[in-house]
Amino acid sequence: NLNQATAKLFEILCSICVYFLGGESITDAIVPSLGTNAGTNGLINYVLDFNMLNILNEHGLIISDYNS
């Protein structure tokens, strides 16, 4: 169950994802940090700070290793 604010964060995250296809389906989706560190607010230019990433992680929407 997501509240509206968390759903909006997930929408932002998905809009900057890069998807990798394996055959007919998506096998992985990542958000490139573009030479920055997501764990130290490297994605703030995309309106995603560290606290927002933690919210997404708490809801099981992303993995906790933000720079993997």
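What does the highest-first list of 8-18, 47-57 look like by mean Cβ count within 10 Å?
Top of the packing list down: 47-57, 8-18.
In whole Å, what are the Cα extents of the chain along the three principal axes, biggest one first?
Answer, in whole Å and largest first: 35, 33, 18 Å.
Every number here is computed from the coordinates shown, using simple stated rules; none is lab data. Note that the structure is predicted; figures quoted are calculated from it, not measured. For neighbour counting, all protein chains shown are included, and Cβ atoms are generated from backbone atoms with ideal geometry for every residue, glycine included.
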